[in-house]
Amino acid sequence: MFGDSIRKCLAGLQGTQTWRVGIAVIAKENYPLYIRSVASQSELKFHYTVHTSLDVVEEKISAVGKSLGDQRELYLGLLYPTEDYKVYGYVTNSKVKFVIVVDSSNTSLRDNEIRSMFRKLHNSFTDVMCNPFHNPGDPIQSKAFDGIVSGMMVQTG
Amino acid sequence: MFCVFLLGAGDQELFRSLYTTLAQQLPREPMEWRRTYGRAPKMIHLEANFVQFKEELLPKEGNKALLTFPFLHIYWTDCCDTEAYKGSVKEDMLRWQNSLRTHASPDWVIIVVESNDNKKKNKTNILPRSSIVDKIRGDFCNKQNDRCVVLSDPLKDTSRSQESWNSLLLKLRTLLLMSFTKNLGRFEDDMRTLREKRTQPGWSFCEYFMVQEELAFVFEMLQQFEDALVQYDELDALFTQYVLNFGAGDTANWLGSFCAPVRNWSGLLLRRPIDMEKRDGIQRGEASLLDLRSYLFSRQCTLLIFLQRPWEVTLRALELLHNCVQELRLLEVSVLEGALDCWVFLSCLEVLHRIEGCCDQAQLAANCSHTVGLWAYATDKLKSLGELCGLVSEKGPTSEDLNRTVDLLAGLGDERPETGEHLQSPYKKLKEALSSVEAFERHYLVSHTHSENFLQEALKSYVSEGWSLPVTHTRRQIAECQKLLGRTEDYLQTSALLAGDVNLSTEERKHFCQEVLTYAGKPGDQSHKVTLSMSVFTELTRLQFHPAKASVHSGAVLQVELTLRCLMPVSVHLQQLAASIHFEVNHGDTLRRSKGHQRQTNQGTVEFSLGSSATGGMPASALVPSLELDEVQDRSPTDNSLNSTAVVCRNTHLLMRLHDSSSSSSSPPDTPNCINAAPVAMKEGAQMLKVQDVTLEPGNNSIILTAPVIKPRTYILRQLCVTVGHVQFVLPHIYPSVQYDVYSQEPQLTVEPDIVVLFVSAEPLLAGLPQMVKFTLLTGHYAVKKGDALQLSNTETMPVFPSSSCSACILSPADGTNISLLSIQASEKVTSISLPPTPPYHTLEFQLQVLCIIPSGSQRLPNERLTNGEVRHRPRSYSHPDTPMAAIDQRMSIDCPWSIYSTLLALTFYIPFKTKHSLLSAGNRKYIQVWLRNVSDVNFTLADVKLSEKQQASLELQSLNTKTQQLLCSRHSVFCLWEVRWKDDLPLCLQCVFSANFSPLNQDVSAFKPFHYQFQLERVPIFPPAGEQHCRSGLLCGLEVCITRLTEPAEAELAEDSKTDSDGLKTTKLMYEVADSSSNWAVCGRSSGTVSMPMAANATHKVQIEVMPLFAGHLPFPKIKVLKYLPHTPSTTIQPDPDSCLENDSLSLLDKTLEDQGDTASIRSRGSIHSVGSNEHQQQRSSTMPRLEPFSPGQVFNHSQSQQVLVLPAADDHIIEVNAT
């Protein structure tokens, strides 16, 4: 793994990134409702990353919940950085988690951009939930949602 | 610490002693520090460093140093002599001031030390009111009087001295702070200016770094760690920005030095407050990126620890390490492979050590969440280092690996002196770990056993939360662990799971599948078998019964078709597939069937819900099993009526459990995904459905098993077991439960009309004609052997016609038909039918011709008078609601070989004819007419119609029927007429027999069957008044009321009714009343009266009443009401009324005189004379009060009910009325 990263270092930016951005929507019960990353070859790693981030999300929710009650900031900020990527979290009031994972080398994405991405995501998610034919708790298969996510990935990736 | 430069003139010793006091006293009191740019004011303690003034120490132009900046210049003097002042001191002061001015150091103060001793010494020179202070102020303190301070008697402990000290200190502090603020402001401005120049070529980050760090140092000295930290953070951010800009293509020249290849990866060093070595490197512009970062972080770390924020250190450390790795990539710095890992590892441990050094264990434990990231990172890095250096490979490191290790170790440099004596320093750890495989393993791997447990835990959480990719990966790791640990069963289970995992590539799946198959195919002891859960191998998706009703008789063939979805990537050969069955004995042989069972066997197909692996992303915990609802009906055991009905949920336990687990931290249900499925065991010894040597292809497979159906019971399929060599895959519980019934059936014999022979299928059997009936024998469990025969008891009313060419048809359940011959032997009493041999559960059919003899007509008399008293022989005829034909149930008694009891069967025959007779009169001639109606659907030919007297021929019956043969169509009638001629008197009763032969239309004469109709004519007299033959309207007639007691009086009545009349007979009293409501009759004379009835059965009383019919025609008899008469005193003896009669029975209208003239007497067919015993009567006992009490319903039978009497019109004498009913 590390040797890989060294090679990438040497190859510079011409080297293919594993993934630039990944977006996941996680149900209240911590199972994935929607999970998507740009490159599929390290999907596993992405899944692991998202799953690991859920602990941090939980920690943050419980910490925030104690102090502020219902006046909660949905955006949780940077959940944890790793060598290769940054994980940002967002929790809706119904405890559905959004996780955006961004490649660490992607320096164009600042807090504000991430925030607006989450807001967009949340809006689209709300639309999905408003669909009377959608069964809450089912994996999201909405094309509109997919489109929004794709748009974000193109934009950021 | 501020540099305060001092210049003194006078007693140096005194001054020196004063400095120390000053240095001590100065920080005692805090000062409010008002700051520029709106920053919040702060209370600070000023400390000062007193330095002897030297010209060369004054800051030169462009000096940026703040630390060594002289903020305040103090001139000390104890001069109290004006002369001395004027002579030397003033000059000295001027020189000082000049030099200050040239160096732009405007902050100064002159302290004049006064002491009484001095004053005393120079008493003469003292100028009153014009002190030396004033002079100095006048000379130097141009409008700045506060720049000259007097310190009085500094060494004495007087209040005056104290006061002067305090004011001096205050003054010094104020001035010092003023100067500091001013200079700091200027410094900051300079620094900002410098920073703004960063876009200019030649700007150096390192230079700027030094400047801003100076500021940080100052703040640190002032104990303003927060501000100091801000300086470093700003530097950090600035540098980061440059690196990012570099990444974006905006290269700064000075970054070049940071892009040099990394040669040293010795990690962070946090034990020194200031790592001067690195700082020098930065100052010289020779620092590498890692050096700069390390230094920066060590400073930040120091400040954070001062600020008591150790956890921020850990967070920042992690961020830093990640960031550094990124930045090195971004800057395209060449690094030896593994060097960064070393650096990160060492740094992580260094940070952790540093934190551990400033916290106690409890704090550390409570904040482990902050350190865990570092630990994990360090572990990761050590792991990758181990991989890099070949320390984890099975063969050990290669020479290439060793070379790399040596290179890496070289880059670590020498151990720092600070940590040299630590036995557990990060440096030592890494060095040791990299040096040998064993040490590496000791440091990295706790043990495989532990890791497997950890992995299992992780797997559980992934499974329960439905993360399929991590599940797959974790399983693969577990498989590795299990393989290493030699845990064969677990390994095989995991391998099987992985072989069916769609997340893996086909090659991987094949590999794991092969692992299982290889083990299974190993030669060796076959008795030991590894049992695995079937769910990993194949899924049972459907089960289908053939035949679909899943209920067969014993010995039949029942096949079970299993649809198995094989999850393996390759086809697998099974030695055996077996389904074990569990059975419960049926209650008796009846087919008891629950509602749930019916649901199952709806189409004989059971669909099994798929395991969660088939549902893709949905986690096991989110899978809600669908409700299984069954309708339950509770029926009364006696009449099968519905008592209650309900809907029952059969899987509440599952649903409720799920509900619970969702509230807690969702424990994974026992899904096939979970590797720790309960140990499965195949129950041995149970009955099984087996199939040998099957090959399962990937995907759906259909396997047909033959179910054992020997004993009648309900079989429940419990487990499914697949054997592949040494490996068994067991499905421990088939759910929903699947069952089939095997029943045993008693032989059953039915007889029914043969549909084929009759024209219409609904055609009933006709009595009087030979009819084909079909015998159907369901053999059930009984095998009909050769020589078995059915014994029909012959009856007179239904003879059997054995035909020689009788054949039987044997139907097997598999639709085969066999014809075999049947031999029938008839004897006088028994008809014996020899049956052909028939296997069990076959159907034997044969036909037999029988004839039901139509009961002769006496029963058909309109009054239904029964001539035949023997009930046993009498087939009861009754009218059927569906047909106009009268029906006869003909019983057959058959002795069957399988039973000791006779089988009683009933056949219903229908009499095709209806007959009526009537007596017609024409003048004095009498005719008997018989009306014959064909009520069946068949056309008949009628022949040989005859009428004869049953007994002696007293009359001559002359037939008026001309045709010998006659067609009688369906639903048509035929009338036959005979004239009656008589010589003597007409007999009172004439019994006739009408007979005719009939056959269905278009059949020959031999088919004619006789039909008999017996009837009886009776002469019933109606008595007209004397001289008259008939009652005439308007004339009086006599009405005889006849009351008969029908029952014996009850014992109690006898006892109680003690009245005795003169005859010694006990009597009861009745009241009768002629109550004609329809005004047909007029009652002449008394219409009511009481009678005394003797208390004996059949006691009869007759009363004569005169009535007059008011109309001509058939009038109903007048109604007679009978009431109980209860006298008021029991003791009163009542004279028996001569008219009194008892109890009702028959009321017949009689003429006063009997006319016996036969020719005029109206003869009528009489109904039954007595309807015997149909009504009970109980004599009511008398009560004390005279009153009338009606009989309760049914106690009084009116014999003349609805009978009519013919009344002739008053004037008509000549018409002869014929009454025929």
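Bear in mind these aren't lab numbers, they're just calculated from the coordinates by the rules spelled out. In this text, all values refer to a predicted model and were calculated from it rather than measured experimentally. As a convention, Cβ positions derive from the backbone with ideal geometry for all residues, glycine included, and neighbour counts pool all protein chains shown.
A few points about this structure:
- If you wrap the Cα atoms of the range A:98-157 in a convex hull and average its projected area over all directions, you get 4.2 nm².
- Amide H within-cut-off set for B:CYS1084, under 5 Å, with H built and near neighbours excluded: B:GLU1106, B:VAL1107, B:MET1108
- Considering only Cα atoms, the convex hull volume of the range B:770-823 works out to 113 Å³ per residue.
- Going by neighbour counts of Cβ atoms within 10 Å, the residues B:LYS182, B:LYS431, B:LYS381 line up, fewest first, as B:LYS182, B:LYS431, B:LYS381.
- Projecting the Cα atoms of A:MET129, A:SER108, A:PHE145 onto the charge dipole of the range A:101-146, computed from C-beta unit charges around the Cα centre, puts A:SER108 farthest toward the positive end.
- Computing Rg and the Kirkwood Rh from the Cα coordinates of the range B:248-392 gives a ratio, Rg/Rh, of 0.99.
- Karplus (6.51, -1.76, 1.60) ³J(HN,Hα), θ = phi - 60°, over the range B:490-499, in Hz, Gly and Pro reported as x: 5, 5, 5, 4, 5, 4, 5, 4, 5, 5
- The Cβ shell under 11 Å around B:LEU920 holds other residues with a net charge of +1, Lys and Arg each +1, Asp and Glu each -1.
- 3J(HN,Hα) couplings calculated from phi for the range B:818-829 with the Karplus curve 6.51 cos²θ - 1.76 cosθ + 1.60 (θ = phi - 60°) are, in sequence order, 10, 10, 9, 7, 10, 10, 10, 10, 10, 10, 5, 9 Hz; Gly and Pro show x.
- Ordering B:LEU222, B:LEU244, B:THR199 by the projection of their Cα atoms onto the charge dipole of the range B:177-252, which places +1 on the Cβ of Lys and Arg and -1 on the Cβ of Asp and Glu, puts B:THR199 at the extreme positive end.
- Total formal charge among the other residues, if their Cβ is under 11 angstrom from that of B:LEU1188, Lys/Arg +1 and Asp/Glu -1: +2
- Close amide H partners of B:SER936, meaning residues 5 or more places away or on another chain with modelled amide H under 5 Å apart, are B:ARG971.
- Applying the Karplus relation 6.51 cos²θ - 1.76 cosθ + 1.60 with θ = phi - 60° to the range A:118-132 yields 3J(HN,Hα) values of 5, 4, 4, 4, 5, 4, 5, 5, 4, 4, 4, 5, 6, 5, x Hz, where x marks Gly and Pro.
- Entries of B:LYS549/B:LYS785; B:LYS786/B:LYS1009; B:LYS774/B:LYS829 with Cα pairs more than 27 Å apart: B:LYS549/B:LYS785; B:LYS786/B:LYS1009
- Measure of compaction for the range B:685-750 (Cα Rg per 2.2 N^0.38 Å): 1.46
- Scanning residues 5 or more positions from B:GLU114 or on other chains, those with amide H under 5 Å from its amide H are B:LEU151, B:SER152, B:ASP153, with H placed 1.01 Å from N in the peptide plane.
- Sorted by Cβ density within 10 Å, fewest first, the residues B:CYS359, B:CYS148: B:CYS359, B:CYS148
- Hypothetical label at B:PHE306: residues of the range B:187-223 whose amide nitrogen lies under 13 Å (7 Å Cα-Cβ projection): B:213-223
- Fewest-first sequence of B:SER918, B:SER179, B:SER641 by Cβ atoms within 10 Å of each Cβ: B:SER641, B:SER918, B:SER179
- Taking every residue in B:466-473 and counting other chain Cβ atoms within 10 Å of its Cβ, the average works out to 6.
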